[in-house]
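Readers should treat all values here as calculations from the given coordinates under stated rules, not as data from a laboratory. Quick caveat, the model's predicted, so the values are computed rather than measured.
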Amino acid sequence: MKNLISIIICSLFVCGSAIAKGDATAGKQKSATCSACHGMDGNSTVPQWPKIAGQKQSYIVQQLMDFKVGEKSGRHNDTMYPIVAMLSKQDMEDLAAYFSSLPGSIGAASPKLAARGKALYRGGDLENKITACTACHGPTGQGIETAAYPRLAGQHPDYIVQQLKAFKSKERANDLNAIMRDISAKLSDDDMLAVASYINGLH
């Protein structure tokens, strides 16, 4: 209940990062380095690397800022750190404007995992006090721009599981009010696989 109240307050009062105000044309010109891993169209083909096409501008900017700060922000990555180290805030906003303007690709949920994944995503798990993913990410996984809650729809299952495990181990700790750390701590590996598969097919 505490987490749900925090979510509602954030949505109403626009907490988190402000909506990014970048130039998509300038962002495209600056995107060559990003495209090496995330794809020319922002839809990476490597399951462990996230798709960033269609991602919320505010979320992209916040994550880039956190990568630049490093461990003190709760999110450190040896690959991303040297890339973002030289980026200005305007560079980040431009890149965010560009990649958010691109259409994200959609996958498909595994038939074997769909039922459990759907149940967790849409309704959570009351017995284990797991909040439904829809509370922050929306029924179709589009996220919330004003609260910097990310778009999940179509994301690689491998990447989703990777991040859930990082939150669970507290290797990643840049989530507002520890919401994701709290939720992921209650998820089994099977739960993570199921909800990640379901997310891959959202659109």
For the pairs LYS51/LYS129; LYS28/LYS56; LYS51/LYS170; LYS21/LYS165, flag any whose C-alpha to C-alpha distance is greater than 27 Å.
LYS51/LYS129; LYS21/LYS165
Helix-only [θ] at 222 nm, the chain, -39500 (n - 2.57) per DSSP H run of 4+, per residue, nearest 500, equals -14000 deg cm²/dmol
